[in-house]
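Please read the structure below before turning to the comments.
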Protein chains: 2
Amino acid sequence: MAGESEKSGAVRKLPRIVRTVAELQGLADEERAARKRIALVPTMGALHAGHMALVRAARARADRVWVSIFVNPTQFGPNEDFSRYPRPFEQDVALCGEEGVDLVFAPSVEEMYPTGAQTTVEVGELAKPLCGASRPGHFRGVATVVTKLLVAAKPHVAVFGEKDFQQLALIRRLVRDLLLDVEIVGVETARGRDGLALSSRNTLLVPEVRQDALSLVRALDAAEAAVAGGEDSADELLRIVRGVFLQAKSAELDYAELRDPRTLEAAPQRLCAPTLLAVAARFPATGGGPDARVRLIDNRVLHPKPGPEERP
Amino acid sequence: MAGESEKSGAVRKLPRIVRTVAELQGLADEERAARKRIALVPTMGALHAGHMALVRAARARADRVWVSIFVNPTQFGPNEDFSRYPRPFEQDVALCGEEGVDLVFAPSVEEMYPTGAQTTVEVGELAKPLCGASRPGHFRGVATVVTKLLVAAKPHVAVFGEKDFQQLALIRRLVRDLLLDVEIVGVETARGRDGLALSSRNTLLVPEVRQDALSLVRALDAAEAAVAGGEDSADELLRIVRGVFLQAKSAELDYAELRDPRTLEAAPQRLCAPTLLAVAARFPATGGGPDARVRLIDNRVLHPKPGPEERP
């Protein structure tokens, strides 16, 4: 809401656009030497209100807010939507200007992957289940590009959305493991009025199937309600979740899984601690032929009621 | 020679010893904010005159010289000499003091690999041949720990020896690929009076076989002499190299290969451009039972004479 009133004011000056790593690192060194705190918001562009929530979280924690816009080819599979991914750059820069972003880093693919590049960063166990199982190589691409962006921008803080729960867990892990001197902040998923988690890919949905896409959040709501009612069986919760997707004719469920939110290990049959419910599904997409699909994800951490023996 | 006269002076004050990444990064931020250039010399300790040549190269390029001493477990194979690797820490620190090193970073394994660490850095093609083929996983360990050390020390310059030619090529590549804001400097291999390349592992050689270990440098000399005499056949040069090792009774040749110094691709049958000759061999070692071996490496870039059609 605070953002709404800010946005109603005059358009602020446009952010500085930086295209090269060398220029960005020079600016980072200057800001750091002047004891200014830098917050980086890494994005793939096609910015929406969810990104703007990240920008506001960044602003609250730093003197300078930098947004990177880079559609990273190495995190897309060969049959995924890299070429279709929306790239409304001018509009993105204007949105950044409205939110008072100081700098937009928008490098070319060649700038981020120099000729002959052959170095990858890989996170182990956290990258294996969920989207890691559905999208082979995806998290290698994410870990590699996020490392590069953090190295390029030298921020004190970097802000990511909780919609990509596994990505956030993996980035926290790689920052700790590679000893990167940056604080990682996760921001709650922003949603449309109808509850759909905001995603740049939502614009690819065939309009008539937006109702079906709501099966993602409805499934999470249904599971949460069941847990609130005392349900603690993993099988029963997943049965409820699958039932919601069965009612959405155009939805193709990719996965629905219950996992430990910290390690992403499979949850036990009887839930007894906070448990991640993560869902991914495909829906008809515009602009890619009759079989085109857009894959959307969502998640929620469920808090099962303590059993009788655990109650005070 | 310059170093000799410096070393004959009084012992300088001991360097500051830093054990944690957080302290190191704080100091790096202070130095960088004060516009001081930091040079890092990453080592596994057991310092010798070769390391001191790296320190002097570092000193020539920076205001602060930091030496890291860390025997990195992840770059040793299960049957390699991690436990036997020499660790004369007090002596190393004294040597650093004599050379005017400002800071020694000596972290624990737990500090470099936090509990649950699962992130690795991997370089592709450059890591496959030579020592990469002989020591599976070795260069993954090297790439991971060098990335961490560069992230932890935030140096402007990092200095490595050319004895580990493949390692140096791989580090140059990973720094470029990960966009690390550091200049990599390679320093010519330091040698004993008898020509043996200085290595911390030389202290593990059974004294009577040091003559056999000289087969490494003799093989390089023989190949270089043949090239100077007009030889340009890869097969013939490798025959000459193997002949030298055959004369050293205790030597077990691991590999002798001719490769492109930039890409490490196999050299053509007729050498027509500067070509890396890399050799690795095992020799009887002390302190690890009767079958213990120490593995030593050496290399030289050969410059074949231009053919008749290329002469001016």
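FYI, it's all coordinate maths here, none of it is from the lab. The structure presented is a predicted model; accordingly, all values stated were derived computationally and were not measured. Using ideal geometry, Cβ is built from the backbone for each residue, glycine included, and neighbour counts are taken over all protein chains shown.
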Item to complete: Return the single residue from A:225, A:39, A:58 with maximal mean-square fluctuation; model: Gaussian network over chain A, springs between Cα atoms under 10 Å.
Response: A:225
Discussion item. Can you work out the Karplus-derived ³J(HN,Hα) for every residue in region B:204-214? Use 6.51 cos²θ - 1.76 cosθ + 1.60 with θ = phi - 60°, whole Hz, and x for glycine or proline.
Written reply: 8, 5, 4, x, 5, 9, 4, 4, 5, 5, 5
Worksheet item: So, with +1 on the Cβ of K and R and -1 on the Cβ of D and E, and no other charges, what is the size of the charge dipole of region B:237-312 about its Cα centre, to the nearest 20 debye?
Response: 180 debye
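If each residue's Cβ is checked for other Cβ atoms within 10 Å, how do A:19, B:176 rank with the fewest at the top?
Ordered from fewest to most neighbouring Cβ atoms within 10 Å, A:19, B:176 come out as A:19, B:176.
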Worksheet item: What is the calculated FRET efficiency for residue A:272 to residue B:19, with r their C-beta to C-beta distance and R₀ = 45 Å, to the nearest 0.05?
Response: 0.70
Worksheet item: For peptide A:170-180, how many partner chain Cβ atoms fall within 10 Å of a residue's Cβ, on average?
Response: 6
Worksheet item: Between residue A:115 and residue A:203, what length in nm is gained on full extension when 0.36 nm per residue of separation is reduced by their alpha carbon distance?
Response: 28.4 nm
Response to the item:
For chain A, the convex hull over Cα atoms projects on average to an area in nm² of 18.1 nm²
Worksheet item: Taking only the alpha-carbon atoms of region A:2-187, what semi-axes of the equivalent ellipsoid follow from 5 times the gyration tensor eigenvalues under a square root, in whole Å, largest first?
Response: 25, 19, 17
Discussion item. Sort B:278-286, B:77-85 by packing, meaning the average of other beta carbons within 10 Å per residue, with the highest value first.
Written reply: B:278-286, B:77-85
Response to the item:
Mean other chain Cβ within 10 Å across A:111-118 is 5
Fill in: Ordering of A:111-119, A:179-187, B:151-159 by packing [mean C-beta count within 10 Å, highest first]
B:151-159, A:179-187, A:111-119
Discussion item. At 7 Å along Cα-to-Cβ for each site, give me the label-to-label distance between residue A:125 and residue A:235 in nm.
Written reply: 2.6 nm
Worksheet item: Out of residues 5 or more away from residue B:37 or on other chains, whose amide H comes under 5 Å of its own, with H placed 1.01 Å from N in the peptide plane?
Response: B:63, B:64
Practice prompt. Might you report the magnitude of the Cβ-based charge dipole of the protein assembly as shown about its Cα centre, with Lys and Arg at +1 and Asp and Glu at -1, to the nearest 20 debye?
Written response: 760 debye
Item to complete: Would you mind pulling out the separation of the Cα centroids of region A:26-42 and region B:148-193, in Å?
Response: 26 Å
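Order these by the 10 Å Cβ neighbour count, fewest first: B:163, B:36, B:13. Display every interim value, and only then the final one.
Working: B:163 21, B:36 14, B:13 8.
Exposure proxy ranking, most exposed first: B:13, B:36, B:163.
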Worksheet, complete the sentence: Taking r as the C-beta separation of residue A:134 and residue A:37 and R0 as 41 Å, the FRET efficiency to the nearest 0.05 is 0.65
Worksheet item: For region B:110-231, what log10 I(q)/I(0) values come out of the Debye formula at q = 0.13 1/Å, with one point per alpha carbon and no solvent?
Response: -0.70
Discussion item. Please list, ordered by chain and number, the residues whose modelled amide H lies under 5 Å from the amide H of residue A:293; skip anything fewer than 5 residues away on the same chain.
Written reply: A:285
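With a Förster radius of 60 Å, plug the Cβ-Cβ distance of residue B:260 and residue A:303 into 1/(1 + (r/R0)^6) and report the FRET value to the nearest 0.05.
Calculated transfer efficiency: 0.55.
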Worksheet item: Which whole-number percent is the relative contact order of chain A (Cα, under 8 Å, 6+ apart)?
Response: 16 percent
Worksheet entry | Residue among B:93, B:226, B:54 farthest towards the positive dipole end of chain B, charges placed on Cβ | B:93
Practice prompt. Provide an ascending nm list, one decimal, of label-point separations from residue B:91 to the equivalent residue in each further copy; define each label point as 7 Å from Cα along Cα→Cβ.
Written response: 6.9
Worksheet item: What are the distances, in nm and sorted shortest first, from the label point of residue B:13 to the label points of the same position in each other copy, with each label point placed 7 Å from Cα along the Cα-to-Cβ direction?
Response: 4.5
Worksheet entry | For residue A:188, inter-copy label distances in nm, listed shortest first [label point 7 Å out on the Cα-Cβ vector] | 6.6
Worksheet entry | Amide H contacts of residue B:16 (H built 1.01 Å from N, under 5 Å, at least 5 apart or other chain) | B:103, B:104
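About the Cα centre of region A:2-187, what is the dipole size in debye to 20, counting +1 per Lys and Arg Cβ and -1 per Asp and Glu Cβ, all else neutral? Each step should come with its number before you reach the end.
Details: 24 positive and 23 negative charges, 54 e Å.
With only Lys, Arg, Asp and Glu charged at Cβ, the dipole is about 260 debye.
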Worksheet item: Taking neighbour Cβ counts within 10 Å as the exposure measure, how do B:272, B:131, A:96 sort from fewest upward?
Response: B:272, B:131, A:96
Worksheet item: If you take the alpha carbon radius of gyration of the protein assembly as shown and divide it by 2.2 N^0.38 Å, what ratio comes out, to two decimals?
Response: 1.13
Worksheet entry | Average other protein chain Cβ within 10 Å of Cβ, residues B:31-39 | 1
